[in-house]
Every structure is written in structure tokens, then in C-alpha cells.
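Following: one structure in C-alpha cells, then a few remarks.
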Amino acid sequence: MNDNLQTIATNLRRKLGTRELDGFESQVVVVEVPICLGWNKDTATGSITMPNKLFTSAEDAIEFLRASLEHHEGVPLEIVAVGTKGECSAEFDVTPIPDEPELVAVAKRFIVSMDSTSPMVTCGFTGASSITADGKTLLLSADPGAAGVVPTNFFYNVEDNCATIVQVNVQISSNEFDEKKSAFLAEVFSPQGYGQADLFVAAASCKSETRASDGSFCHAPSGVQERVYDIVVSATDSAGLVGSTSCHVVVAPDMPSGKSSVRGIGDNAAMKKLVAKAAAAKKYKVESLSMSVEIAQK
């Protein structure tokens, strides 16, 4: 091999981790893409994967590959998308572009995880007759004799198109500020194997006759007669995509006449109007809970 070619080969080995094949004597030098730290090579197929990182598009994956693999001295790379492996991964062939005719480039196949779909989040209540037809709003009548909080049989569910770890946050707010803590979230484990959030609320309202006489501070600035608890469930997957939904608990106060304001708001349309009115007003954060949920591949 002449001195010039030997120098080129030596420099490329130093820069790219290159190697020479058996054809070295014929002065053919093969240039390969380096394998970066954190990537795994499948010895059976020769493909290279990167665990624990998801991309939302092929463009994002190509940009990451180029930034990770191109040497700081500027050896250019050709990156070509060659297909997908199911819904949640894609394959790219990466080839260095040598600037000398004596050099032969060899492509390597990289497989990256892809996820362009946000988690799907649902919530609702079970085991109660006073739930709206869409299952998202629970209606409670204030109990003058009740102390503490009552269970709501709240549940949520998260689905994702790819196997991932989802960060779930459940946040409770109310249109009324109560110096007595009015809602509690407790993490429990569901039969499906991931954390659920049990919700307990005070079946009370600032405007109830009983509450007005007990001497504690309770502020209801929204102009809505009922207390409305807003429950927002959001889920963020490993690709940073977010899905969310909301449910509600409406507590109708006991009125001075002895009749509950629950009358006349039990139908879906009236309930949605009431919830929308409360949501448009000032809200006070009451409680929040964060959990990690592992989603298996469908």
C-alpha cells in the first residue's frame, strides 16, 4: 500500500474505528460506521439497536443518528430509511461517504424505536346509580350528617400503541376553597397490574346549611351553587407524547328548605352545563398524585 493510502487508512481507523478486511493486500480499505456507546449489536443479524429511547418521526431519528455517529472531524454519512419492524420501530442504513476512490464504504443497519401516537386515557366511576350517561361525572347529594370523606369508585385507564413506561398524573381541583381538606387520592394496585388512584371526597359544599353553621372557613367564588371536583388524568409516554382526559364529581348542597339542589341537574345536558360553568371559574388545587405505569406491547 502506498504511503498516501496508508495515511488515509490510519487516519480513518483513528477517527471512525475502521478496520481492514482480508483484501488489505489488494489495497482496498473498508470504512465502517462506528458503534456508539449505549447501542447493542445483534450478532445474528448484524443490526444495531438503541434501547430506552423513542422517536416521534423518521426525521427525528435521522437527525439523532447523524449527530451521534458523524465524527467531529466531519466525515459525512448517508442515512436511508429502509422500512419498519412493526408499528413501533424503524430501520435505517447508515453509510459513511469516503472522499477517496480507494476507500469502500460499508453500510450498517440501525433499528430505532418509534412512537408517534399519544397515550389514550379514559376515566370514570363504577358501582353508583348517579353517574351521567357518558360515565364521566358522578353526582353526590351533600349529607348533613356525614363526617370526613366518602369513596367515589373512580378509575382511570391508559393505553399506548407501543410498549413503554408512562408517567401518569392525577390532579384534583375544585371551584370551592375549603380549609378542611376536601379530597384525597390514594395509590392502589389494580388487577391489571399497575397503579390506580382511589379518590375520596367530602360530600359537602360551602353553600350547605350545615356547613354555614359549623364555623370553618369555606369560600365559593364561582357563582355555582354546587361544589364541583375536576379530576384531570394525564399520561406522558417515553417519547414525550401526552394524552389526557377529565372526569368530575358534583356535590349538590342541602338547601335551607330541606331539599337538595340535586333535583333538576341529574340529566346529562344539565350536568355538562353545570360542569362547564364551574370549569370556567377560578379553581383551587386540592390534591395530586403521580405514578409510573408500564404498558405492554399489544
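Worth a mention:
- Selected residue (criterion: surrounded by the fewest Cβ atoms within 10 Å (Cβ to Cβ)) from residues of the range 107-125 that are part of a strand (DSSP E or B) and touching an Asp or Glu at 6+ places or on another chain (Cβ under 6 Å): 120
- The lone exception for residue 158 - which of (1) farther than 30 Å from residue 253 by Cα; (2) part of a loop (DSSP other than H, G, I, E, B); (3) in the same structural domain as residue 283 (by TED's automatic domain parsing); (4) not small (Gly, Ala, Ser) it fails: (2)
- Any hit, the range 95-106, residues being assigned to a strand (DSSP E or B), touching a strand residue (DSSP E or B) at 6+ places or on another chain (Cβ under 6 Å) and at pLDDT 80 or above: yes
- Any chance residue 65 is surrounded by 13 or more Cβ atoms within 10 Å (Cβ to Cβ), in a strand (DSSP E or B) and not acidic (Asp, Glu): no
- Matching residues in the range 95-121 - criterion: being in contact (Cβ under 8 Å) with a residue 60 or more places away in the chain and among the aliphatic types (A, V, I, L, M): 103, 104, 105, 106, 107, 111, 112, 114, 120, 121
- If you filter the range 169-197 down to residues that are within 28 Å of residue 87 (Cα to Cα) and touching a Ser or Thr at 6+ places or on another chain (Cβ under 7 Å), you find that the one that is modelled with the lowest pLDDT is 196.
- Looking across the range 149-201, the residues that are surrounded by 20 or more Cβ atoms within 10 Å (Cβ to Cβ), within 30 Å of residue 223 (Cα to Cα) and β-branched (Val, Ile, Thr) come down to 152, 170, 172, 201.
- With respect to the stated conditions, residue 70 fails to be in contact with a helix residue (DSSP H, G or I) (Cβ under 9 Å, 6 or more places away or on another chain) and surrounded by 13 or more Cβ atoms within 10 Å (Cβ to Cβ).
- Qualifying position, being of a type outside the set (Phe, Trp, Tyr) and modelled with pLDDT of 90 or more, among 161, 157: 157
This table checks each residue for (1) at negative phi; (2) polar (S, T, N, Q); (3) assigned to a strand (DSSP E or B); (4) modelled with pLDDT of 80 or more.
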residue: 233; (1), (2), (3), (4): yes, no, yes, yes
residue: 238; (1), (2), (3), (4): yes, yes, no, yes
residue: 248; (1), (2), (3), (4): yes, no, yes, yes
residue: 257; (1), (2), (3), (4): yes, yes, no, no
residue: 274; (1), (2), (3), (4): yes, no, no, no
residue: 298; (1), (2), (3), (4): yes, no, no, no
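- Hits in the range 42-62 - residues which are part of a strand (DSSP E or B) and modelled with pLDDT of 80 or more: 48, 49, 54, 55
- In the condition set (1) in a strand (DSSP E or B); (2) at pLDDT below 85; (3) among the aliphatic types (A, V, I, L, M), residue 128 is compliant with all but (1).
- Filtered by the rule that a residue be under 14 Å from residue 291 (Cβ atoms) and either in a loop (DSSP other than H, G, I, E, B) or hydroxyl-bearing (Ser, Thr, Tyr) (or both), the range 172-191 gives a lone residue, 190.
The values are calculated or read from the model by the stated rules, or taken from the named source; none is laboratory data. This is a predicted model, so every value here is computed, not measured. Every residue, glycine as well, gets a Cβ built from its backbone with ideal geometry; the counts of neighbours run over all protein chains shown.
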